[in-house]
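Read through the structure below, which is laid out as structure tokens, and then see the notes.
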Amino acid sequence: MPRSRFSGSLTTPKVDVAIDMGNPLLNLTVDGFLKIGTVAATRVVAEDAYHALRKGSISRNSLEHTLKKMCKEGAYWGTVAGVYVGTEYGVERIRGTSDWKNAMIGGAVTGALISAASNNGRDRVVTDAITGGAIATAAVFLNYLT
């Protein structure tokens, strides 16, 4: 059974958290889940805070709604990121090379899996696979530019 360890450090302006599950695949998957899940939850807080300020009031009901939405969005986007990172790492290990093709395959597999899990039709699953592969590949190419 893998051991888990949690450690972190805070240096301005970067927060670095390291998670050791005893396996690189699990480490990367959990790291992707936590990072993107946190971003999604933070987006919900910012969006709902804006709407509360516009409305001019905050109720207990709206706070509960925001908390539920944070959990739902954080879990959804965290899962997508975890699947993508894990898939890309697996493809890299299988192929034995690190290049843009791993991102493309990882994005396509992730898009197809998430779409299929949402009970979409075959055409939509294929479209989402193409979209996932294109977005992941574009992200890698944009990283090469910077």
Expected output for the range 79-94 (first residue over 13 Å from L113 (Cα atoms), partner at pLDDT 95 or above and part of a helix (DSSP H, G or I), Cβ below 7 Å, 6+ apart or cross-chain) is E88/N102; E88/A103; E88/G106; V91/N102; V91/I105; V91/G106; E92/N102
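Per-residue answers, yes or no, for (1) surrounded by 19 or more Cβ atoms within 10 Å (Cβ to Cβ); (2) among the hydrophobic types (A, V, I, L, M, F, W, C); (3) over 30 Å from V45 (Cα atoms); (4) touching a Gly at 6+ places or on another chain (Cβ under 8 Å):
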{"site": "V80", "(1), (2), (3), (4)": "yes, yes, no, no"}
{"site": "Y84", "(1), (2), (3), (4)": "yes, no, no, yes"}
{"site": "N102", "(1), (2), (3), (4)": "yes, no, yes, no"}
{"site": "S115", "(1), (2), (3), (4)": "yes, no, no, no"}
{"site": "G132", "(1), (2), (3), (4)": "yes, no, no, yes"}
{"site": "Y144", "(1), (2), (3), (4)": "no, no, yes, no"}
Here is a list of conditions, (1) out of contact with any helix residue (DSSP H, G or I) (no Cβ under 6 Å at 6 or more places or on another chain); (2) under 21 Å from L34 (Cα atoms); (3) without any contact (Cβ under 8 Å) to a residue 24 or more places away in the chain; (4) of a type in the set (S, T, N, Q), and T66 meets all of them except one; can you say which number that is?
(1)
Could you tell me which residue of the range 20-53 is farthest from M70 (Cα to Cα), considering only residues that are polar (S, T, N, Q) and free of Cβ contacts under 8 Å to residues at least 24 places away in the same chain?
N23
Only one of (1) hydrophobic (A, V, I, L, M, F, W, C); (2) at pLDDT below 95; (3) farther than 24 Å from P24 by Cβ is not met by A139, so which one is it?
(3)
List pairs: first in the range 113-129 and assigned to a helix (DSSP H, G or I), second of a type in the set (D, E, K, R), Cβ under 6 Å, 6+ apart or cross-chain?
S115/R124; S115/D128
Selection from the range 92-112 of residues part of a loop (DSSP other than H, G, I, E, B) and of a type in the set (S, T, N, Q) yields T97, S98
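Of all residues in the range 48-64, count the ones that are assigned to a helix (DSSP H, G or I), loosely packed, with under 13 Cβ neighbours inside 10 Å and of a type outside the set (K, R).
Selection size over the range 48-64: 7.
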Name, by its number, the condition in (1) within 20 Å of K35 (Cβ to Cβ); (2) surrounded by 15 or more Cβ atoms within 10 Å (Cβ to Cβ); (3) charged (D, E, K, R) that does not hold for K72.
(2)
Looking only at the range 6-63, which residues are more than 23 Å from the chain's Cα centre (by Cα) and modelled with pLDDT under 80?
T11, T12
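The values are calculated or read from the model by the stated rules, or taken from the named source; none is laboratory data. Because the structure is predicted, anything quoted here is derived from the model rather than measured. Note that each Cβ is placed from the backbone with ideal geometry, even for glycine, and that neighbours are counted across all protein chains shown.
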